[in-house]
1. Counting only residues that are free of Cβ contacts under 8 Å to residues at least 12 places away in the same chain and either within 21 Å of residue 76 (Cα to Cα) or in a helix (DSSP H, G or I) (or both), how many does segment 9-25 have?
2. For segment 105-120, does any single residue satisfy the condition of being in contact with a strand residue (DSSP E or B) (Cβ under 6 Å, 6 or more places away or on another chain) and without any contact (Cβ under 8 Å) to a residue 24 or more places away in the chain?
3. So if I check each of 51, 65, 4, 28, which one is part of a strand (DSSP E or B) and either in contact with a helix residue (DSSP H, G or I) (Cβ under 6 Å, 6 or more places away or on another chain) or within 17 Å of residue 131 (Cβ to Cβ) (or both)?
4. Among 111, 74, which is surrounded by fewer than 18 Cβ atoms within 10 Å (Cβ to Cβ) and closer than 16 Å to residue 3 by Cα?
């Protein structure tokens, strides 16, 4: 199994966002332990910016990104991914780019709190809770 982790799951953890923290920690920890989690390269800039905007220092944000890079695969983006995301029926460009990259990298699921935003995704999106249920059911 291979999964792409949406930015909102990562921010839940490092910004201690309730009521999502426990399920996001559980899903991310499982992905880390089983070596099945990935993020897309473009997420690193988004995560860095959002962490700093939400009060982390540059040093703290870099430390978080280093930890993510050490524990999760960072997948590439190519020009065709950008073109396909722009042409996608998905209204949010960042979500479309994640979905297109997830497909090209043969991900089984996208873990997100915003499942409805991935309605037109070629890769199924699951909440952290649904992902954990599915993982332990298999």
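Nothing in this text is a laboratory measurement; each read-out follows from the coordinates by a stated rule. All values reported here derive from a predicted model rather than from experimental measurement. Counting neighbours? That spans all protein chains shown, and the Cβs are built from the backbone with ideal geometry, glycine included.
1. Qualifying residue count, segment 9-25: 2.
2. yes
3. Within the list 51, 65, 4, 28, the selection yields 4.
4. It is 74.
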